[in-house]
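S.K.: Let me begin by handing over the structure; questions about it come next.
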Amino acid sequence: MDLINIDKVCHLFEYTVFGFLLARAFYAQCPAWSAGKTWRLAALCALLYGMSDEYHQSFVPGRESSVLDAMADTMGGFLGAYLYSVFLNKTRARQKVGP
């Protein structure tokens, strides 16, 4: 695996964690929201943040902006937010059934 692919994997992993934590934070603030609404908002925020980060990098000497990085950021954000929504749905289902 070359450096370019490793970079994309790093972007994907970092934004997966970011998307998961965003979804968790939104749910903590608005627990009445559905898992789907929480997932969509967190994924959208990760998308916008990733795009703004790539745009910002285009102005930094020695850094470059990449559409592929933005795509990896977006996919990671969506994945992390989705994983949290799955976790949230399972937790809610267990709470309804009881111990």
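Derivation of every value follows stated rules applied to the coordinates shown; laboratory data play no part. Predicted model only: the values in this text are computed from it and were never measured. Glycine gets a Cβ as well: all are built from the backbone with ideal geometry, and neighbour counts include every protein chain shown.
S.K.: Suppose we filter segment 20-51 for residues that are surrounded by 12 or more Cβ atoms within 10 Å (Cβ to Cβ), free of Cβ contacts under 8 Å to residues at least 12 places away in the same chain and either among the polar types (S, T, N, Q) or in contact with a strand residue (DSSP E or B) (Cβ under 9 Å, 6 or more places away or on another chain) (or both); how many remain?
M.R.: 1
S.K.: Still on this model: Based on this model, can you work out whether residue 13 counts as touching a residue at least 60 places away in the same chain (Cβ under 8 Å) and farther than 13 Å from residue 82 by Cα?
M.R.: Judged against the criteria, residue 13 is a match.
S.K.: Exactly one condition in (1) within 29 Å of residue 93 (Cβ to Cβ); (2) touching a helix residue (DSSP H, G or I) at 6+ places or on another chain (Cβ under 7 Å); (3) of a type in the set (Lys, Arg) is false for residue 8; which is it?
M.R.: Unmet for residue 8, out of (1) within 29 Å of residue 93 (Cβ to Cβ); (2) touching a helix residue (DSSP H, G or I) at 6+ places or on another chain (Cβ under 7 Å); (3) of a type in the set (Lys, Arg): (1).
S.K.: Specify the residue that is farthest from the chain's Cα centre (by Cα); the eligible residues are those in segment 13-52 that are of a type in the set (Phe, Trp, Tyr) and within 19 Å of residue 90 (Cβ to Cβ).
M.R.: Taking the candidates together, the pick is 33.
S.K.: Quick one: in segment 58-85, of everything that is without any contact (Cβ under 8 Å) to a residue 40 or more places away in the chain and loosely packed, with under 15 Cβ neighbours inside 10 Å, which residue is nearest to residue 8 (Cα to Cα)?
M.R.: My answer is 67.
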